[in-house]
Amino acid sequence: MSLPTRLKALSRGFTSRSVDGFVGAVGNTPLIQLKKWSEKTGCNIVAKAEFQNPGGSVKDRAALGVVRNAEKLGLLKPGGTVVEGTAGNTGIGLAHVCRARGYRCVIFMPNSQSQEKIDLLRMLGAEVYPVPAVAYENPANYNHQARDFAKDLPNAIWTDQFDNVSNANAHYLSTGPEIWEQTGGKVDAFICATGTGGTLAGMGKALKEKSDGKTQVWLADPPGSVLYSYVTSGGKLTERSGSSITEGIGQGRITNNLGTFVENLDGALSIADEKSISMVYDLLDTEGLYLGASSALNVVAAVELAQKLGPGKTVATILCDGAYRYQSRLFSKKWLQSKGLDSAIPEHLKKYAVLD
């Protein structure tokens, strides 16, 4: 199937007409110019508003992509069960897709994730099993528990979001081409953080192809992840250490999704939690955008990359989701103090930390 034909099948067009239910509403989110930081850098900094997907995050695309792929391959039939291990947003996307398409949804997730995410999954009808957060190498890791659970069920799939490359393919077929179209083919660089690697790999491949290799694609990484050191060291996978308050990003290995593109990355930036927290509050104050920490990290990275590239460039990134799923943490004075992050918020913006 040609790329234009596949695009037509897997993404909706820019239209004001009605679409086919939840799945028809996934994708074609707005591209927002961030005025303050564009002016400060002399660049055009734009961010894809993935929080406007119907399930509220960029992971709606991956969720729909892996389910559609399973259906296409005959692995998932009517009345079947979808099982996944997820830090939250992919599970939420899957829960929505399962409701829309009539599947049972079972989610295993680290018990370190926000209560808002767990509650929402259950409200969407998913069966949720919070389990201790342990390394991927541990058999008790939430991904392995999801895999083993699915093995024992008839007409069930483990969507395997980290290593199922239909995740990256969803972004190759939709998100990347959308940004290319929305910028009129003028994207000098794209940067975002990665957990599964699907967004970065899929978008990176699409933008590299469409620009004949001219678009630079960079990785942004939080503390506690090995990907920044992997890229900047030329491929040395160091032992994971440290941690971050961001959820769903950072990694201790090269996933199959990221592996499809990692050798084509142009560079990587490491972003401290203090910068991400400060940007959460800055974007709320200056742009009216209520975003999660991973979105804020992406914006910090886009600003730093714009400063590296110099004025006149267009730098794109992803706004993964809103702050609604994290507000009991990100806007809690007590929680921020417990993490030593209250001082990261500029004094004039502390008025937004209204909880506790």
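The values are calculated or read from the model by the stated rules, or taken from the named source; none is laboratory data. All of these numbers come straight from a predicted model, not from anything done at the bench. Cβ atoms come from the backbone with ideal geometry, glycine included; neighbour counts cover every protein chain shown. For the accessible areas, the whole protein counts, side chains as well, though only heavy atoms, and no ligand, DNA or RNA atoms are used. Shrake-Rupley method; radii C 1.70, N 1.55, O 1.52, S 1.80 Å.
Can you give the net charge of the other residues whose Cβ lies under 15 Å from the Cβ of Asn264, counting K and R as +1 and D and E as -1?
The answer is 0.
Taking H as built 1.01 Å from N, whose amide H comes closer than 5 Å to the amide H of Val128, not counting residues under 5 places away?
Under 5 Å from the amide H of Val128 lie the amide H atoms of Ile107, each far enough along the sequence or on another chain.
Sort 63-76, 46-59 by packing, meaning the average of other beta carbons within 10 Å per residue, with the highest value first. Could the numbers behind the result be given before it?
Working: 63-76: 19.9, 46-59: 23.7.
So the peptides 63-76, 46-59, ranked by packing, come out 46-59, 63-76.
Once you place label points 7 Å from the Cα toward the Cβ at Ser233 and Ser343, how far apart are they in nm?
3.0 nm
Student exercise: in segment 308-356, how many lysine pairs 8 or more apart or on different chains have Cα atoms under 16 Å apart? The partial results should precede the final answer.
Numbers: Lys333/Lys350; Lys333/Lys351; Lys334/Lys350; Lys334/Lys351; Lys339/Lys350.
Going through segment 308-356 pair by pair, I get 5.
Residue by residue through segment 161-175, which ³J(HN,Hα) values in whole Hz follow from phi under the Karplus form 6.51 cos²θ - 1.76 cosθ + 1.60 (θ = phi - 60°), with glycine and proline marked x?
Per-residue couplings from phi come out as 4, 6, 10, 8, 6, 5, 4, 4, 5, 4, 7, 5, 7, 10, 4 Hz.
Calculate, in nm to one decimal, what Glu181 and Ser270 gain on full extension: separation in residues at 0.36 nm each, minus their alpha carbon distance. Don't skip to the end; give the middle numbers.
On the way: separation 89, 0.36 × 89 = 32.04 nm, distance 2.90 nm.
Working it through step by step, the gained length comes to 29.1 nm.
Once label points are set 7 Å from the Cα along Cα→Cβ at both Ile254 and Lys40, what is their separation, rounded to one decimal in nm?
About 3.4 nm separates the two model spin labels.
On the protein heavy atoms, probe 1.4 angstrom, tell me the percent of accessible surface of segment 240-279 carried by carbon and sulfur.
Numbers: 600 of 1600 Å².
It is 38 percent, rounded to a whole number.
List the residues whose amide H sits under 5 Å from the amide H of Asn44, counting only those 5 or more places along or on another chain, with H placed 1.01 Å from N in the peptide plane.
Residues meeting the criterion, in which the H sits 1.01 Å from N, are Gly312, Lys313, Thr314, Val315.
At 1.4 Å probe size, with every protein chain present, just tell me what the per residue accessible area of segment 97-219 comes to in Å².
Roughly 39 Å² per residue, with all protein chains present.
Please identify every one of the GluC sites (Glu not before Pro) in segment 230-334 that sits in a loop by DSSP and has no more than 13 other beta carbons within 10 Å of its own beta carbon. Before the final figure, lay out each step's value.
On the way: sites: Glu239, Glu247, Glu263, Glu274, Glu287, Glu304; in loops: Glu239, Glu247.
Sites meeting the loop and neighbour criteria: Glu239.
At 222 nm, what helix-only mean residue ellipticity would the chain give, in deg cm²/dmol to the nearest 500, using -39500 (n - 2.57) for each DSSP H run of four or more? Mind showing how you got there, number by number?
Numbers: 16 runs with 142 residues, N = 356.
Value at 222 nm, helices only, nearest 500: -11000 deg cm²/dmol.
Using θ = phi - 60° and the Karplus relation 6.51 cos²θ - 1.76 cosθ + 1.60, list the HN-Hα couplings for segment 203-219 in order, rounded to whole Hz, with x at every Gly or Pro.
Rounded to whole hertz, the list is 5, x, 4, 5, 5, 5, 5, 5, 9, 6, x, 7, 6, 7, 10, 10, 9.
Can you pull the one-decimal nm distance between simple spin-label points at Asp212 and Thr286, each 7 Å off the Cα toward Cβ?
Here the modelled spin labels are 3.6 nm apart.
How big is the gap, in Å, between the Cα center of segment 69-111 and the Cα center of segment 216-267?
The two parts, judged by their Cα centres, are 26 Å apart.
Please name whichever of Gln182, Cys192, Leu121 sits farthest to the positive end of the charge dipole of segment 116-231, dipole taken about the Cα centre and charges placed at Cβ: Lys and Arg +1, Asp and Glu -1.
Gln182
Using a simple charge model, +1 on the beta-carbon of Lys and Arg, -1 on the beta-carbon of Asp and Glu, nothing else, what dipole does the chain show about its Cα centre, in debye to the nearest 20?
Working: 38 positive and 34 negative charges, 133 e Å.
Result for the chain is approximately 640 debye, rounded to the nearest 20.
By average Cβ neighbour count within 10 Å, what is the ranking of 334-344, 250-260 from highest down?
Working: 334-344: 15.2, 250-260: 21.1.
Listed from highest to lowest mean packing, they are 250-260, 334-344.
By accessible area of protein heavy atoms, probe 1.4 Å, what ranking do Asp163, Asp285, Asp212 get, highest first? Mind dumping the intermediate values first?
Values: Asp163 30, Asp285 60, Asp212 135 Å².
Solvent-accessible surface, decreasing: Asp212, Asp285, Asp163.
Under 12 Å from a label point 7 Å along Cα→Cβ of Lys333: give me every residue in segment 270-295 with its amide N that close.
Answer for this model: none.
Whole-Hz Karplus ³J(HN,Hα) for segment 136-149, in order, using 6.51 cos²θ - 1.76 cosθ + 1.60 and θ = phi - 60°, x for Gly and Pro?
4, 5, 7, x, 8, 4, 4, 5, 5, 5, 5, 4, 5, 4
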